[in-house]
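What follows is a short report on a single structure.
Throughout, read-outs are computed from the coordinates displayed, never taken from laboratory work. Every value quoted in this text rests on a predicted model; they were computed, and no experiment measured them. Neighbour counts run over all protein chains shown; Cβ positions are idealised from the backbone, glycine included.
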Ligand code: IPM
Ligand code: MG
C-alpha cells in the first residue's frame, strides 16, 4: 500500500519524538513492502511564529489530503503566562479537532509490567489494569457558545452544549469498543446536576437494547475519578464528554506509571490523527531526553486504526516491548539502569522492526 501521512511535529519535544515514530513507520514499510510519503505542516506555537495562525489553512489542507495525521505536541510557555496573547497554540489544537471532525479521542490505558513500580498506586491495585477511555472531543464546554465576559469584565461564562446526534455517535463507539473487549461500558456523567448529562444518559439508555451483551453502568464523574485510583481494574471501556474526559484521561494515564508510553487516536469525520497523550514538555526540548515511545505506539495505532494493518501495528508493539525488556529506554523510565537518548531508543526500535 501507499500511505500519505501528514507530519505535524508541533512544539517542544514534538519534533524529536515524531522523528522517532517516522523511523518506526519507515521500518515497517520496508519490512512489509509499503510505501509512505510524508508532508510536513505547522501547528501550535511554531505555526503562530511563522504565520500568525495556530492552525493555518495550509496545514488543514495537508491534513485533509492525507490518509492519517501524525502529531507530536503543542504548547509553549511563552504563551502560558501571557494574558495578553491573542492567539494561543491550544487554539490550533481545538481548531484542528473541529475542522477535521475528530469527535472521538481514544486512549487505551495499559500497564507495562516493567513500569508498574513507577505507578503512584500500589502495584497490586494497578498491575493488569487495562481500560480504554473514549472522550468526546468536539463538543461540550470547549466549544459551546456563548463564551466570554460581561462588559464590566467581572463575570465570565462558558456554555456546555450537546445534541442527540453528537451523543449517539460517541456512545456508539463506546458500545462497539465494549463489544470488542470485555463487554463492560461505563458512561460517565454528572446527571444529578447537569442537563447535558441527563441527555447523555437518556440517549445511552436508548442504545442499550442494540447491544444486549454489553453491561452498561452509569457513573457520576466524581465517583469515576475516585474509582480510577482506588480500583482501576474495575474499568473496561469508559465513555464521557469532552471536559470530564480531559480530566479523567490525564488521571488514568498516570496511574500506570507510564505516561511517556501511552498513545492516542482521534477519529471522526475526516482524517484520523495519532498523538502521544503527554504534552510538549518544553523543558526537555532539544535535549534528546524525551521518551519517544508514546509517539511510536501512536504510529502503531495509526496502522491498526487508519490502515487496518494489524501485523504492522504488532511489529511496532513487539519492538517497543523489546526495548522495555532490554532497558533501552530514556531517563524518565531508566531507573537505576543506563539512560539512552531519544534517538537511540528510536534507532533501537527501528532495528528491532527490521529484524
Ligand atoms: C488534551 C489537552 C488539550 C485539551 C489542551 C492542550 C487544549 O489537555 O489534549 O487533553 O484540553 O483537550
Ligand atoms: Mg488534557
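Strictly greater than 22 Å: what percent of every Cα pair in the range 120-256 meets that?
40
Over the C-alpha atoms of the range 191-230, what are the Rg and the largest Cα-to-Cα span, Dmax, in Å?
11.9, 32
I'd like the antiparallel share, as a percent to the nearest 5, of DSSP beta bridges with both residues in the chain. All intermediate terms of the calculation are to be shown ahead of the outcome.
Working: 16 of 43 bridges.
Percent antiparallel among DSSP bridges in the chain is about 35.
Only helical DSSP H runs with n ≥ 4 go in: add -39500 (n - 2.57) per run for the chain, normalise by residue count and round the 222 nm mean residue ellipticity to 500 deg cm²/dmol.
-13000 deg cm²/dmol
Given the Cα-Cα distance of residue 80 and residue 322 and 0.36 nm per residue of separation, how much length would full extension add, in nm?
83.3 nm
Would you kindly state how much longer the chain becomes between residue 123 and residue 247 on full extension, computed as 0.36 nm times their sequence separation minus their alpha carbon distance, in nm to one decimal?
Result for the pair: 42.4 nm of gain on full extension.
Using a Förster radius of 41 Å, what is the FRET efficiency between residue 58 and residue 354 based on their Cβ-Cβ separation? Nearest 0.05, please.
That gives a FRET efficiency of 0.75.
With springs only between Cα atoms under 10 Å, which of 230, 138, 330 fluctuates most in a Gaussian network model of the chain?
The residue with the greatest mean-square fluctuation here is 230.
So how far apart, in nm, are the two label points at residue 314 and residue 233 if each is 7 Å from Cα heading toward Cβ?
2.7
Starting from the Cα of residue 270, step 7 Å toward the Cβ, then list every residue of the range 27-47 with an amide N under 18 Å from that point.
Under cut-off, by backbone N: 39-44, 47.
Taking every DSSP beta bridge with both residues inside the range 1-88, roughly what % is antiparallel (nearest 5)? Intermediate results must be reported in sequence, preceding the final value.
Values: 0 of 11 bridges.
In the range 1-88, DSSP labels about 0 percent of beta bridges as antiparallel.
Test of understanding: in a Gaussian network model of the chain with alpha carbons linked when under 10 Å, which of 83, 146, 339 would top the mean-square fluctuation ranking?
Maximum among the listed residues: 83.
Report the extension gain between residue 110 and residue 49 in nm, rounded to one decimal, defined as 0.36 nm multiplied by the number of residues separating them, less their alpha carbon distance.
18.3 nm
Given the options 136, 114, 16, which has the most mean-square fluctuation in a GNM of the chain, springs set between C-alpha atoms less than 10 angstrom apart?
It is 114.
Taking a label point 7 Å from the Cα of residue 226 along the Cα→Cβ vector, which residues of the range 177-204 have an amide N closer than 11 Å to it?
none
What FRET efficiency comes out for residue 94 versus residue 338 if R0 is 41 angstrom and r is the Cβ-Cβ distance? Round to the nearest 0.05.
Given R0 = 41 Å and the Cβ-Cβ separation, E is 0.55.
Kindly state, to the nearest 0.05, the FRET efficiency for residue 36 paired with residue 184, given R0 = 35 Å and r defined as their beta-carbon distance.
Efficiency at R0 = 35 Å is approximately 0.40.
Take the alpha carbon atoms of the range 56-115, find their center, do the same for the range 154-204, and report the distance between the two centers in whole angstrom.
So the separation of the two Cα centres works out to 22 Å.
With no solvent and one point on each alpha carbon, what is the Debye value of log10 I(q)/I(0) for the chain at q = 0.08, 0.09, 0.14 Å⁻¹?
-0.39, -0.50, -1.24
Using DSSP, restrict attention to beta bridges with both residues in the range 120-256 and report what percent are antiparallel, rounded to the nearest 5. Let's see the in-between values first.
On the way: 2 of 16 bridges.
Given both bridge residues lie in the range 120-256, the antiparallel proportion sits at roughly 10 percent.
Take the Cα of residue 217, step 7 Å along the line toward its Cβ, and report every residue of the range 237-256 whose backbone nitrogen sits under 19 Å from that point.
237-241, 245, 248-249, 251-253, 255-256
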